[in-house]
Every structure is written in structure tokens, then in C-alpha cells.
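A.B. asks: Have a look at this one.
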Amino acid sequence: MHPTLIPDLINSCLKHQIFPQTFKEAKVSMILKPNKDPTCTNAYRPISLLKVLAKTLERVICDYLNHEMTPPPITTQTTLPTPHSHHTQNPMQAPQHPTLSPNQYGFRKSMTAEAAINRVLTHLKTLTLTPQYTIAISFDIEAAFDSMLYQGILNNAKHLQLPPYIQNILHSYLHNRIVEYNGTYYSPEKGCPQGSPLSGILFLIPINEVTEIIKPPFHSILFSDDLSVHLRSSNPQRAHRLLQNKINKIHDWLSLRGFRKSGPKTNLVIFQKKS
């Protein structure tokens with residue numbers, strides 16, 4: 001095989017803003033989750049087996065998405081190579097459009113679980129300076145990756161004002177996908193393949209909008225499909241009432257977009273200064 005064959009293939013896909021049809025085919029294997037009842041349908045995780053070249057192209061697209069959705073350092077001029085030579089403006093230059101919420105963690109450089117935990121701890125440490133309470137509720141979005149509507153991803157990519165070349169590649173990637181399970185073929189309209197390098201960062205696109213309905217005095221931390229909403233108040237009863245109203249709005253937002261909260265994984269914690 002010629003040494004430039006694979007790089008040439010990847011560059012050609014990026015130049016023409018397409019994801020080849022043969023790369024969109026996945027064979028699903030059901031993997032039993034640890035300590036789950038094998039007779040329950042939700043005890044299995046659907047893992048998509050993808051072509052190696054498809055995953056290679058996905059990793060490249062993932063890098064471009066990471067760049068476009070992450071604010072560059074103020075003092076640094078980013079000049080990475082363009083994916084298609086006919087562009088007059090380098091699409092990898094610092095984006096001049098909205099990026100993901102700073103409260104959104106996961107699947108991006110520097111936005112790690114440790115960074116999210118440190119942010120929460122920093123907030124809680126300030127309780128030593130005030131007699132107020134912090135009431136926090138956290139919940140998990142059930143079957144998050146399987147519930148992503150393709151059109152929702154594309155609509156939110158447009159809402160984030162991602163560059164046209166990114167929107168075109170995502171449209172090609174999501175259009176006419178084929179899933180095979182036990183010899184039967186399906187054409188899904190939602191759900192990104194688990195086992196795909198792109199699935200994680202794609203999930204950040206449709207879920208990002210939920211942070212727009214969580215404004216001060218509320219605070220939020222979103223790590224992939226785990227959301228924490230907290231409120232500081234000197235009146236716990238009033239805080240509970242306000243927080244419940246906000247959770248109702250979040251529930252409605254999730255339901256309209258095909259998501260749902262996991263009841264068993266919902267927790268409420270009250271933090272306060274030791275007397």
C-alpha cells in the first residue's frame with residue numbers, strides 16, 4: 001500500500017466535506033453491563049463495531065470540532081492547516097462565534113472531570129465565608145447517546161454558528177447511516193454509535209443549549225450526560241422551591257428533545273458551613 005494513500009483519502013474527504021457511505025455502516029454487539037440482570041433489555045450496552053478507516057477519519061473530524069468549539073488563548077494566533085485547499089480563509093483560525101458553554105465539561109482538552117470537580121470544590125469552599133446553604137441536585141441523562149436526534153445535532157451546530165464546512169461534514173456523517181444487528185439492517189434517525197470517537201463530542205452539541213436556561217442565581221456543571229444544578233441561599237425552603245421550578249423546566253427541555261432523566265441516579269445534597 002502506498003504510504004500516502006490513507007492521508008490522501010482523509011484529506012480528500014475533508015476537502016469535499018463528505019463522510020463516505022461505506023464508513024457509515026456499523027455492526028452492533030450487545031455487551032452486558034456489570035452487575036446487571038441479563039433478562040432486562042436495558043442491562044446491555046450497544047457497542048458499534050466500525051471500520052478502522054472510519055474511526056481514523058472520525059478522530060480527525062473530532063480534532064476540528066474540538067478546535068472550533070474551544071476558545072483559543074487570547075495571546076495565541078492559531079494557524080493549523082486547512083482541511084480543503086480552495087478556502088480563502090483558514091477554517092482553523094480562531095472562531096469568531098459562540099462556543100460551548102464554559103459550564104460544559106468532557107470530551108475536550110482541559111475540560112476534564114478533574115476540572116469540573118475542582119470548580120465545584122472551589123464554589124463549596126466559599127461556604128466557610130457565609131452562613132448560606134448550597135443545595136445541589138444532580139442527575140444523569142438516561143441512554144443519552146442513543147437518544148440524540150440527528151436533526152437536533154445539526155440544528156444546534158447551526159445555532160452554535162459552527163463553520164459551514166463543519167456543518168456539511170456532520171450532515172454527511174449523520175445522513176443515511178446503516179446499522180446491522182443479528183443480520184437485520186436499520187436506518188436510524190437518532191443515536192450516535194457507542195465506540196465511535198465522534199459520539200462524545202457530538203453529544204455536547206445538542207445538550208449544550210440546556211445551560212442557556214440555567215441562569216444566575218442558579219449555577220450548573222455539565223459533564224457529558226451528567227448535570228448538576230445548585231443554588232445558594234440563606235433560606236432552604238425558598239431554595240428548594242426555586243430549585244424544583246428550575247428542574248421542572250429542565251425536564252420539559254429534555255423531553256422536547258428526546259432526552260429523559262434517570263430517576264435512580266438523581267440525587268439532592270445540602271451543603272452548609274459547620275457550626
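A.B. asks: Considering only C-alpha atoms, what is the centroid distance from the stretch 21-75 to the stretch 252-275, in Å?
C.D. replies: Cα centroid of the stretch 21-75 versus Cα centroid of the stretch 252-275: 26 Å apart.
A.B. asks: Which lysines have a Cα less than 22 Å from the Cα of Lys274, not counting those fewer than 8 places away in the same chain?
C.D. replies: Of all the lysines, those that pass the test against Lys274 - Cα under 22 Å, at least 8 places apart if same chain - are Lys125.
A.B. asks: Please give every one of the lysines within straight-line cross-link reach of Lys261, meaning a C-alpha to C-alpha distance under 18 Å, and leave out same-chain neighbours fewer than 8 residues apart.
C.D. replies: Candidates past the 8-residue exclusion: Lys190, Lys246, Lys249.
A.B. asks: Additional query: With log10 I(q)/I(0) by the Debye sum over Cα atoms at q = 0.07, 0.10, 0.14 Å⁻¹ in mind, check [x] -0.45, -0.68, -0.94; [y] -0.39, -0.65, -0.98; [z] -0.31, -0.62, -1.09 and report the label derived from this structure.
C.D. replies: [z]
A.B. asks: Can you tell me the relative contact order of the chain? Whole percent, Cα pairs under 8 Å, sequence separation 6 or more.
C.D. replies: 27
A.B. asks: Taking the alpha-carbon centroid of each part, what is the distance from the stretch 180-244 to the stretch 142-160 in angstrom?
C.D. replies: When both Cα centres are located, 11 Å separates them.
A.B. asks: Express the carbon and sulfur contribution to the solvent-accessible surface of the chain as a percent, rounded to the nearest whole number, probe 1.4 angstrom.
C.D. replies: 56
The values are calculated or read from the model by the stated rules, or taken from the named source; none is laboratory data. Small disclaimer: the values here were computed from a predicted structure and weren't measured. For the accessible areas, the whole protein counts, side chains as well, though only heavy atoms, and no ligand, DNA or RNA atoms are used. Shrake-Rupley method; radii C 1.70, N 1.55, O 1.52, S 1.80 Å.
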